[in-house]
Amino acid sequence: MNKDNLNILNKYYVKRNQNKIKELDIKNEKCEKKIKDTQQSIEKNEHILEKLKEENKDYKIKYERLKQIFYERGLVITIVNKGYSVKEWDNLYFKKRSNLLAIYLKDNEEVKIFNKEITLVLEELLQGKNHSLVATRVDEKSIKVKLHIR
């Protein structure tokens, strides 16, 4: 090979390598931008997560306080009276029916069934605790039942 051919070949390789370097530089810039964007997104999400953790902590404190108030004062449940044979100061009972809590009279007559969400909350509140359900007021249209948890 002569010197001119080597020089042309050498220029070709140099040009090709410069083009590859430019392509790699462009790829590198794109990757750096992606990394920067991802880091910003992570920082933003971490900030949101910290806010949510703080809110969750506040809600847990409020929930525990509400449970304490509930344990101290009890809860009044209103039931539509459909001619049930219940008198004031009668005891009523919780029983499970199809994975839902229901209130029954002493003669096993069902007077109220709770939905899934309320059943879950009541089960958590009643877990490991003694409780009583007492009819405190009975009239033609409604029955007021007081739930006490000890």
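The values are calculated or read from the model by the stated rules, or taken from the named source; none is laboratory data. Quantities reported herein were computed from a predicted structural model and do not represent experimental measurements. Cβ sites come from the backbone with ideal geometry, for glycine too, and all protein chains shown count toward neighbours. For accessibility, only protein heavy atoms count, side chains too; no ligands or nucleic acids. Shrake-Rupley method; radii C 1.70, N 1.55, O 1.52, S 1.80 Å.
A few comments on the model shown:
- Structural size metrics of region 19-85, computed from C-alpha coordinates, are Rg and Dmax of 28.2, 93 Å.
- Translational D in µm²/s for region 54-140 (Stokes-Einstein at 37 °C, 0.692 mPa s, Kirkwood Rh from C-alpha pairs): 225 µm²/s
- Degrees, to the nearest 10: 3-73 long Cα axis against longest axis of the chain: 10 degrees
- Mean separation of Cα contacts under 8 Å (6+ apart) over length of the chain, as relative contact order %: 22 percent
- Between helix 116-126 and the chain: long-axis angle, C-alpha atoms, 0 to 90°, nearest 10: 70 degrees
- Listed residues 25, 37, 58, most fluctuating in the chain (Gaussian network, C-alpha, under 10 Å): 25
- Largest-first ellipsoid semi-axes for region 101-150, taking √(5λ) over the Cα gyration tensor eigenvalues, angstrom: 20, 14, 10
- In this label model, residue 20 and residue 137 are separated by 8.9 nm, measuring between points 7 Å along each Cα→Cβ vector.
- log₁₀ of I(q)/I(0) at q = 0.13, 0.16, 0.18, 0.19 Å⁻¹ - the chain, Debye sum with one point per alpha carbon: -0.77, -0.95, -1.08, -1.14
- In the context of the full set of protein chains, the chain has a per residue accessible area of 81 Å² (1.4 Å probe).
- Ranking 26, 77 from most to least accessible surface, computed with a 1.4 Å probe over the protein chains only, gives 26, 77.
- Note on the chain: with neighbouring protein chains present and a 1.4 Å probe, carbon and sulfur make up 53 percent of its accessible heavy-atom surface.
- Computed helical MRE - 222 nm, the chain, DSSP H runs ≥ 4 contributing -39500 (n - 2.57), nearest 500: -20000 deg cm²/dmol
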